[in-house]
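To start, the structure under review is shown below, and the notes come after it.
The values are calculated or read from the model by the stated rules, or taken from the named source; none is laboratory data. Fair warning: this is a prediction, and the values are worked out from it, not measured in the lab. Methodologically, a virtual Cβ is constructed for each residue, glycine included, from the backbone with ideal geometry; neighbour enumeration extends over all protein chains shown. What goes into the accessible areas is simple: the full protein's heavy atoms, side chains included, and nothing from ligands, DNA or RNA. Shrake-Rupley method; radii C 1.70, N 1.55, O 1.52, S 1.80 Å.
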Amino acid sequence: MDRRSWAQDVLRCHLCKTPCPPMYCDICHIHLCKACVGEHLSDESKDHKVVPFKKRVLIPKCLKHSTQLCDLHCKKCDIPICLECVSSDEHLGHKMVGILKIVENKRENLQRDLQELEFFFYPKYREMASNIQVQKADLNKNSLKLTTAIEKHGEDFHREIDTAIEKFKKDVMEMESKHLVVLDKQENEIKRSISKIEQSIADLNELLNSNDVSLVSAYNSRNAEFRKLPPTFTVSLPRFTPQMINREQIYQQIGSLSASSIKTEEQGYALDSPGADSSFPDRPFIDVPRIITDITTEYGETNNLRSVSCLGDDEVWTCGDDNMLRLYNVHGKLVKSIQTKSRNMPVDIAVTQSGELVFTDYNDRTVNIVKNTKIQRVVKLRVWKPTYVCITSDDDFLVVMENHFMKHAKVVRYSGSTEKQTIEFDDKGKPLYSPQNHTKFICENKNLDICVADSYTDTNTLVVVNQAGKLKFRYTGPPFTTKGPFNPTGITTDSQCRILTADYYNNCIHILDQDGQFLRYIDNCHLQYPFDICVDTRDNLLVAERYTGEMKKIQYFI
């Protein structure tokens, strides 16, 4: 190529003709050197947008008028157009907008979609996938537990019942296989959605970094595809119920497996799989909660009532500031009393599914169980100290414990003496719970969420995590209230998955739904410093008053 011709092709400043100008006006579509930028901007007859040449917006050429750039966008036709297109009859009366405005709006949509994918859909789908892993592990654990129970029961029948025992074992494994098929299918669908989300995130990041207006303008959001979350499955695990041995009716005497089910939760409603047990019917609140029974105990000013746990509908275990565990009936009669083996004061108590009492001994660093009035140590800690405890639907222990050296608390799940799970930090690595030496009553909800009433001077909070230990929400009181600061102590849940917590200084009970939305107070029953609470099988609420030593059974459902 001739050098003179090549020199004439060099880009030059529109004003001073300086070669290779580094700046560009996106509005006027002219090249500028740095010295002429000020002069160009001084022309106030129209807007200007001067940017480095490499960051200029690539305005597409008009498909119908090849010498023109598409500075405008026809909103009705939804296409870029040039000035000659505007003067044609094709776009007569149509509303026009600058192409740069369209690009700006598209970029805002891209950013919103990217944030929605990254910070909502992606973590939500990952959480659902994680929960499926937990359910599969529990399903496997339950199947092994049932198999072991069946084998142990079969030893007493010798060879006459071997066939029946094998049949029951086969039933268990078939149930597990059936559930795994459903859970595996759901997991694969969620993983496919996660892959699509990851690909969409990558595509959007590429678009955001692109200067190609055609590609950006052609973008159509796919976020609607992910907005409706897939259904979640809850496996209702079967149980094995042994019977007394009868050689004449051997099959009937071995026992039975309860029906299993998988519940599908679909955007606010639940569809049970065939053979599923019916769930608790929806029960509305009564207008004015009422006291059914006042129970007077020997606790009071000198021996504060600290913890209560219902044993059926007619009896309740209690503990206070001394070293005794006391069982009362609803008439206030002392049925039984047991002294702790260490002579230490128990911090908290709970009752297992089979009706056995569990208590924590802070100074002895132990979790203990009472069987036939005899105390057996289940967990012995070395550094951490156990405080509050509850029993799960699987008869596991959830134990709140403190560490004076590390100055924070955690929740540990035990199956017997075996540690299964530790819940200590949120996704950002920050402690979920306040430092030691503060009340932290704990309970498991019917949906398997774990609820802790964290009573700490500066951050009185109800902390709720899911079964996998992922933070779901924190509750610090209703959004609008005339009461004093929230101070949670005792906590429990009912058959409707509603969360109830005692508000110690405000002398009332807060009732929330399972998602942390405040529903109502119970504040009309003349409560005095309610410290701990529990519910019986009929959803009647039992409230323990710390200093009076009285327990009040309250009806709040119809």
Residue list for segment 391-408, filter: part of a strand (DSSP E or B) and either touching a Ser or Thr at 6+ places or on another chain (Cβ under 7 Å) or under 20 Å from P431 (Cβ atoms) (or both): I391, L398, V399, V400, M401, E402, N403, H408
Total residues in segment 219-236, condition among the small types (G, A, S), surrounded by fewer than 16 Cβ atoms within 10 Å (Cβ to Cβ) and outside any loop (DSSP other than H, G, I, E, B): 1
Every residue from segment 19-32 that is open to solvent by less than 60 Å² (accessible area, probe 1.4 Å) and in a loop (DSSP other than H, G, I, E, B): P21, P22, D26, C28, H29
Conditions (1) within 30 Å of Y219 (Cα to Cα); (2) at pLDDT 80 or above: number failed by H29: (2)
Subset of segment 424-451 that is within 19 Å of D348 (Cα to Cα) and among the polar types (S, T, N, Q) - its residue that is most open to solvent (accessible area, probe 1.4 Å): N437
Some residue of segment 477-488 being of a type in the set (S, T, Y) and crowded, with 20+ Cβ neighbours inside 10 Å: no
Where a residue in segment 385-401 is on the phi > 0 side of the Ramachandran plot and its partner, wherever it lies, is surrounded by fewer than 22 Cβ atoms within 10 Å (Cβ to Cβ) and not in a strand (DSSP E or B), with Cβ under 8 Å and at least six apart: D395/T352; D395/Q353; D395/S354
Pick from segment 540-558, criterion more than 30 Å from the chain's Cα centre (by Cα) and not charged (D, E, K, R), ranking: nearest to I292 (Cα to Cα): M551
Among the candidates E104, E39, residue that is over 20 Å from N211 (Cβ atoms) and of a type in the set (D, E): E39
Filter result for the condition that a residue is in a helix (DSSP H, G or I), open to solvent by 40 Å² or more (accessible area, probe 1.4 Å) and of a type in the set (G, A, S), over A137, A164: A137
Test: T293 is β-branched (V, I, T) and under 21 Å from N363 (Cβ atoms): no
Single unsatisfied condition, A35 versus (1) assigned to a helix (DSSP H, G or I); (2) small (G, A, S); (3) free of Cβ contacts under 8 Å to residues at least 12 places away in the same chain: (3)
T537 being at pLDDT below 95, closer than 24 Å to D314 by Cβ and either not in a strand (DSSP E or B) or not acidic (D, E) (or both): yes
Unique residue being of a type in the set (D, E), open to solvent by 50 Å² or more (accessible area, probe 1.4 Å) and under 22 Å from D532 (Cβ atoms) when the list is D395, D454: D395
Of the criteria (1) of a type outside the set (G, A, S); (2) surrounded by fewer than 16 Cβ atoms within 10 Å (Cβ to Cβ); (3) modelled with pLDDT of 60 or more; (4) out of contact with any Leu (no Cβ under 9 Å at 6 or more places or on another chain), which one L215 fails: (4)
Selected residue (criterion: farthest from L183 (Cα to Cα)) from residues of segment 127-165 that are at pLDDT below 85 and of a type in the set (K, R): R159
Test: residue in segment 193-211 that is in contact with a strand residue (DSSP E or B) (Cβ under 7 Å, 6 or more places away or on another chain) and open to solvent by 50 Å² or more (accessible area, probe 1.4 Å): yes
Qualifying residue in segment 188-197 (condition: at pLDDT below 85, in a helix (DSSP H, G or I) and within 25 Å of I132 (Cβ to Cβ)): no
Any hit, segment 107-122, residues being of a type outside the set (K, R) and touching a strand residue (DSSP E or B) at 6+ places or on another chain (Cβ under 8 Å): no
Candidates Q555, Q528 - the one that is touching a Lys or Arg at 6+ places or on another chain (Cβ under 6 Å) and more than 30 Å from M128 (Cβ to Cβ): Q555
Residue in segment 40-50 that is within 50 Å of the chain's Cα centre (by Cα), hydrophobic (A, V, I, L, M, F, W, C) and at pLDDT 80 or above present: yes
Residue count for segment 365-383, restricted to those that are touching a Lys or Arg at 6+ places or on another chain (Cβ under 6 Å) and not in a loop (DSSP other than H, G, I, E, B): 3
Search result, residues across segment 365-392 that are within 19 Å of V308 (Cα to Cα) and open to solvent by 50 Å² or more (accessible area, probe 1.4 Å): K371, T373
Residues located in segment 57-97, provided they are free of Cβ contacts under 8 Å to residues at least 40 places away in the same chain and of a type in the set (A, V, I, L, M): L63, L72, I79, I81, L83, V86, L92, M96, V97
